[in-house]
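Each remark here refers to the structure printed beneath this line.
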Amino acid sequence: MPRRDASPPRLRAALAVVLAVTAAACSSSGGREAEEERERAAEAGNAGPPQYTVAFVTHEAPGDTFWTIVRAGAEEAAARHNIELVYSNDPEGLRQANLVQNAVDSQVDGIAVTMNKPDAMTPAVQQAVEAGIPVVGVNSGMDAWQNAGAIMFFGQDETIAGQAAGERLSEEGVSSVLCVLHEQGSVSLEARCDGAASTFTGTIEKLYVDGTNMPSVRSTIQAKLAEDPGIERVLTLGAPFAVTAVQSVADAGSAAQVVTFDTNAELVAAIEAGDVLWAVDQQPYLQGYLAVSGLWLQITNGNDIGGGEAVLTGPSFITSENIDAIAEYAQRGTR
């Protein structure tokens, strides 16, 4: 599979649909005068009182800065569309499902949800759908959102992303990779490692760590590197863990280099410094923004984005060659 270093064509098409329909909705509801009034309110940072309530329920674990970026995109879309955004999270599947049920009981107008643990989340999503609440999947649950009854999905196909990472590792000529999984039972993380293994010409070994305990992550990776000095790449599955893995490499005196999935401002600095070679970017800000915008379009205009298929926001690669174009956005928390 060819490596992609820019936004996929399907994503650009989906964005065009969002912008076109949003513009049409503004033009058809009150004429030019009303449109100008909304533009002035938006410029002032106040689009008016909330007209709808959307619950955004994720499997965010404490300390995972990835979700700060997703949430920022969701909040930006909510502000633009007069939506009250109710964000909640829990990494444990059944507790996250309870959060969805709470949203249903609160009679929200729409729900955006991650389905990182599909067995636990599917019944909750189905209950929301049965209650007449539109649901969109975001970030995880590529193989589960349709069966659960969600109407749209915004995210990355983790198997495809993993395959792209595996191809890149093969091109780099390495033969031994350690894939660090920071959450047990996560279908998304497993898909990344398995996807990479399917296209990598060398050997990939999985290492499970407790992602909620970063000192333990650091020492566990260090111990593995000390045990096996032949490891040439440490592939982490989240930006905070890549930064920690850089410390583990130094602690172990290892010659391994770090590559990762996902980004944040600290990770961008690590790429600039050469401490991390590259990152697979799924554009989390865009996932949050499109999920809320997609719900707004469904609620107000009956629109579905994607034609029944997932709207892909990745993968693309961030490297030392294109980091300058990304750094500004990462610093302000939108990449």
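Every Cα-Cα pair in the range 173-295 was counted, and those over 18 Å apart are 52% of them. For ALA310, the amide hydrogen comes within under 5 Å of no other amide hydrogen, counting only partners 5 or more places away or on other chains and with H modelled in the peptide plane. What the Cα convex hull of the range 184-248 gives, in volume per residue, is 85 Å³.
Residues in the range 298-303 carry Karplus couplings, in order, of 5, 5, 9, 9, x, 8 Hz; the curve used is 6.51 cos²θ - 1.76 cosθ + 1.60 with θ = phi - 60°, and Gly or Pro positions show x.
The value obtained for the range 148-221, namely the Cα convex hull volume divided by the number of residues, is 110 Å³ per residue. Per residue, the chain exposes an accessible area of 42 Å² to a 1.4 Å probe, with every protein chain left in place.
The label-point distance for GLU84 and GLU171, in a model that sets each label 7 Å from Cα toward Cβ, rounds to 4.9 nm.
Each Lys and Arg adds +1 at its Cβ and each Asp and Glu adds -1 at its Cβ; summed about the Cα centre, the range 59-142 shows a dipole of about 100 debye. Counting only Cβ charges, +1 for Lys and Arg and -1 for Asp and Glu, the dipole size of the chain around its Cα centre is about 240 debye.
Counting other Cβ atoms within 10 Å, which GluC sites (Glu not before Pro) in the range 68-116 have at most 13 and lie in a DSSP loop?
Of the GluC sites (Glu not before Pro), the ones in loops of the range 68-116 whose Cβ has at most 13 other Cβ atoms within 10 Å are GLU92.
Using θ = phi - 60° in the Karplus curve 6.51 cos²θ - 1.76 cosθ + 1.60, the 3J(HN,Hα) couplings for the range 305-315 round to 9, x, x, x, 10, 5, 8, 7, 9, x, x Hz; x is entered for Gly and Pro. Normalising the average separation of contacting C-alpha pairs (under 8 angstrom, six or more residues apart) by the number of residues puts the relative contact order of the chain at 21 percent. Let me know the shape class of the range 228-335, please: from the alpha-carbon gyration tensor, a ≥ b ≥ c as square roots of the eigenvalues, rounded when a/c is under 1.5, otherwise prolate if a/b is greater than b/c, or oblate. Judged from the Cα gyration tensor, the range 228-335 comes out prolate (a/c at least 1.5, a/b above b/c). Relative contact order of the range 206-335, taken over Cα pairs closer than 8 Å and 6 or more residues apart, is 21 percent. Counting protein heavy atoms only, the chain has 48 percent of its accessible area on carbon and sulfur, 1.4 angstrom probe.
The values are calculated or read from the model by the stated rules, or taken from the named source; none is laboratory data. Note that the structure is a prediction, hence the values are computed from the model and not measured. Cβ sites come from the backbone with ideal geometry, for glycine too, and all protein chains shown count toward neighbours. Just the protein is used for accessible areas: all its heavy atoms, side chains included, with ligands, DNA and RNA removed. Shrake-Rupley method; radii C 1.70, N 1.55, O 1.52, S 1.80 Å.
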